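Just below is one structure, and these are the notes that go with it.
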Amino acid sequence: MRALILAAALLAAPAAAQSPAPTSLPPTRLTLADAADAPSRPLILDGARWACEGAVCTASGGSEQPATRACRRVVQRLGPVTAFSWKGVSLTDEQIAACNA
């Protein structure tokens, strides 16, 4: 029985060693127009865990959606933003204005 378990472990080891390492996701962050709007505790929205220090908030995780939609969802909960980046996609000033509207 031990031999069977050992053989299974040895066969699985090369496959595990060849699997690619997880890549780090691009930054997801925003800057709130008013730091007073920042939540004191982390906030989970659409699967993203937002944590704020002052007016700057960063997130990890999150659903696959366009940055413009993610921005609108955050603005609904936290208020206007002056900068927004979702999984490496930074919004332009025009997109941020539309997000805040």
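All of the numbers you see were taken from the coordinates with simple rules; none came from a lab. Everything quoted here is computed from the prediction, not taken from an experiment. Cβ sites come from the backbone with ideal geometry, for glycine too, and all protein chains shown count toward neighbours.
Counting Lys and Arg as +1 and Asp and Glu as -1, what is the net charge of the other residues whose Cβ lies under 12 Å from the Cβ of Ala70?
Local charge sum for Ala70: +4.
Which distance in nm do the two modelled labels at Arg29 and Thr82 give, with both placed 7 Å along the Cα-to-Cβ direction?
With each label point 7 Å from Cα toward Cβ, the separation is 1.4 nm.
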